[in-house]
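The values are calculated or read from the model by the stated rules, or taken from the named source; none is laboratory data. Note that the structure is a prediction, hence the values are computed from the model and not measured. Cβ coordinates were reconstructed from backbone atoms using ideal geometry, including for glycine residues, and neighbour counts include every protein chain displayed. For accessibility, only protein heavy atoms count, side chains too; no ligands or nucleic acids. Shrake-Rupley method; radii C 1.70, N 1.55, O 1.52, S 1.80 Å.
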Amino acid sequence: MATSKQTFPISLKHSALFQQACYIGGEWIQSDSGDMIDVDNPANGKIIGRVPDCGSAETARAIAAADTAFHRWKTKTANERSELLYRWYELMIEHTDDLGALMTLEQGKPLAEAKGEVNYAASFIKWFAEEARRAYGETIPGAKPDQHIVVTRQPVGVTCCITPWNFPAAMITRKAGAALAAGCSMIVRPAEATPFTALALGYLAQQAGIPDGVLNVITGKPKPIAETLTSSPVVRKLSFTGSTGVGSQLMAQCAQHIQKVSLELGGNAPFLVFDDADIDKAVEGAMASKFRNTGQTCVCANRFLVQDSVHDAFVEKLSEAMKSLKVGDGFEEGVTQSALINRAAVEKVQQHYQDAMSKGATRVYGPVPEGKNGNYVEPILLTGVTPDMQLCHEETFGPLAAIIRFKTEDEAIRLANDTPYGLAAYFYSQNIHRVWRVADALESGIIGVNEGAVSNAAAPFGGMKASGLGREGSSHGMEEYQEIKYLCMGGA
Ligand code: SIN
């Protein structure tokens, strides 16, 4: 049975934003079996509500609804699509407080940060509302005197996305904004941990007048939904944000019908501080990059590489700055570090900590992560970290900052690139020659140069190597949802 709205633990200004039903073909539906999935608050483990446990049959109906909708949506003018997207953006902004509260409740992140994510998420819808009007083609000189070559862009068709829990709104809008702007319909399957923000976005899309079936939100266990989406020849594109393991599995499944894929996968971001860096700025950037979302982003600095001569100054200033971090329930005033998403996330930080300490690291800030207090982990700073430690090879996804000391630029670049991942990298230097050299040498899709906050709707977000394929946001984001068609016009 669904949890009644009366037991919902916070009061929303607009209670209809809390939906315990899936949004398919413009209707709010339950699963065929009536089964539900509990969703809890990571800060206290209490159930906040339930969502339908849909499977293959409901997914097939979502595909059919999205297919019907696609054929109408693609014939709307770019201007009409743009205006509907813009209305959706406005509603997101209007409901920032409620969306933020829902997000804090299911994901844990501090309320101010959750509202910040709502703005970030809405910025993708606004961006793509604008980009919708710019689906420009090209003309190319023909191969013969009477020939013209014309290139047009068309929507790929029905698309789907599978999104993660760490950004319950922005990872949806970054994909759906681009898809809808290009003229595609989309089925969104949000993470099991954070479905309510996604359903609220579906509700607002409906209120904005986005036609039935153009955007669908389906909840349920990942396997049957993903298998149905990737085995359908009607679905022409999958966009996934999550782990490299799952991404690679989905890519293999998409091979069956040659579905287009975009993958935003794991990272292992290096953060380099050279001896010519502005150390105060580097510390500011380190705080922004490492502790955003309590260390739970794919672009969080995972390894700090600091040059010998500035190592001690950087460590001292970073530990000082870390004193400003406050751990607690995301709804509490002033909290900057929330509960991690679940117990497994806490255990991963503990494991990385224990492995590093057993191999000679030193804890210079923060308590031993004993994990006694629910899903909370106090921020930790370790020095003496070496490449043989587990945290140098895997994302910690928690508030543990690990410092590796290096001597030369070549050594720093070698260490930074010594990973199968290549999503984000950061470095601090005030030497213009070094800036260009290092930016060229780092094997990452996103480079923060004297900057720790790199995410922006106008910029192409995505990785190299095992961090994924394709780009999201920017003008490139819409290309992922378009087919290029070339017309060879003869006899002119
Ligand atoms: C992510 O962690 O996957 C996304 C982070 C961002 O958009 O900044």
Practice task
Take region 126-230, drop everything but the C-alpha atoms, weight them equally and run the Debye formula without solvent; then report log10 I(q)/I(0) at 0.17, 0.21, 0.22 Å⁻¹ to two decimals.
Solution key: -0.80, -1.10, -1.18
Exercise for the section: Normalising by the residue count of the chain, find the relative contact order in percent from Cα pairs under 8 Å and 6+ residues apart. Expected result: 18
Practice task
With a cut-off of 16 Å, note down the residues of region 253-283 whose backbone N falls inside the zone around a label point 7 Å from the Cα of R437 toward its beta carbon.
Solution key: 272-277
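Rule-of-thumb check for region 395-461: C-alpha Rg over 2.2 N^0.38 Å?
Dividing the Cα radius of gyration by 2.2 N^0.38 Å gives 1.16.
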Handout entry: About the Cα centre, charge dipole magnitude for region 142-243 (Lys/Arg +1, Asp/Glu -1 at Cβ), debye
Key = 200
Handout entry: Cβ-defined net charge surrounding V235, 12 Å radius [Lys, Arg +1; Asp, Glu -1]
Key = +2
Problem - Global geometry of region 343-456, whether rounded, prolate or oblate, following the gyration tensor of its Cα atoms and the 1.5 cut on a/c - result: prolate
Handout entry: Dipole axis of region 404-447 (+1 Lys, Arg; -1 Asp, Glu on Cβ), positive-most option in S444, Y421, T408
Key = T408
Practice task
Just need log10 I(q)/I(0) for region 55-143 at q = 0.14, 0.19, 0.26 Å⁻¹, Debye formula, equal scatterers on the alpha-carbon atoms, no solvent, rounded to two decimals.
Solution key: -0.75, -0.96, -1.06
Practice task
Measure up K115/K237; K175/K237; K126/K290; K13/K290; K46/K290; K76/K126 against 22 Å on the Cα-Cα distance and list the ones that go over.
Solution key: K115/K237; K126/K290; K13/K290; K46/K290
Practice task
Evaluate the charge dipole of region 394-449 about its Cα centre and quote only its size in Debye, nearest 20, assuming +1 on the Cβ of each Lys and Arg and -1 on the Cβ of each Asp and Glu.
Solution key: 240
Handout entry: Backbone N under 17 Å from the A453 label point (7 Å along Cα→Cβ), restricted to region 78-112
Key = 110-112
Exercise for the section: Give the accessible surface of region 303-420 per residue, rounded to a whole number of Å², with probe radius 1.4 Å and ligands, DNA and RNA excluded. Expected result: 44
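Going by average Cβ neighbours within 10 Å, how do the peptides 110-117, 170-177 rank, with the highest at the top?
Descending mean neighbour count gives 170-177, 110-117.
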Completion exercise
region 121-176 accessible area per residue, 1.4 Å probe, protein heavy atoms, integer Å², reads 39
Problem - Cα principal axis extents for the chain, largest first, Å - result: 70, 68, 39
Practice task
Residues in region 454-492, backbone N under 11 Å from the label point at D146 (7 Å along the Cα-to-beta-carbon vector): list them, ranges by number please.
Solution key: 490-492
Fill in the blank from the handout: Checked region 275-373 with the C-alpha gyration tensor, a ≥ b ≥ c its square-rooted eigenvalues, rounded below a/c of 1.5, otherwise prolate if a/b is larger than b/c and oblate if not; verdict oblate
Problem - Unit charges on C-beta of K, R, D, E only; dipole of the chain, Debye - result: 920
Exercise for the section: Grab the eigenvalues of the alpha-carbon gyration tensor for region 244-316, scale each by 5, take roots, and send me the semi-axes largest first in whole angstrom. Expected result: 37, 12, 9
Completion exercise
Going residue by residue through region 340-349, the Karplus relation 6.51 cos²θ - 1.76 cosθ + 1.60 with θ = phi - 60° gives ³J(HN,Hα) values, rounded to whole Hz and with x marking Gly or Pro, of 6, 4, 7, 5, 4, 5, 5, 5, 5, 4
Practice task
Take the solvent-accessible surface of the protein heavy atoms, probe 1.4 Å, and return the percent of it on the chain that carbon and sulfur atoms account for.
Solution key: 52
Handout entry: Degrees between helix 96-107 axis and first principal axis of the chain (Cα, 0 to 90, nearest 10)
Key = 60
Exercise for the section: Find the all-direction average of the projected area of the Cα convex hull for region 426-465, expressing the result in square nanometres with one decimal place. Expected result: 3.0
Handout entry: Contact order relative to length of region 228-349, as percent, for alpha carbon pairs under 8 angstrom and 6 or more apart
Key = 19
Problem - Percent of Cα pairs exceeding the 24 Å cut-off, where the set is region 1-89 - result: 40
Handout entry: Debye log10 I(q)/I(0) for region 185-248, one point scatterer per Cα, at q = 0.17, 0.22, 0.26 Å⁻¹
Key = -0.66, -1.04, -1.27
Exercise for the section: Could I have the simple spin-label model distance between D312 and A112, label points 7 Å from Cα toward Cβ, reported in nm to one decimal? Expected result: 3.4
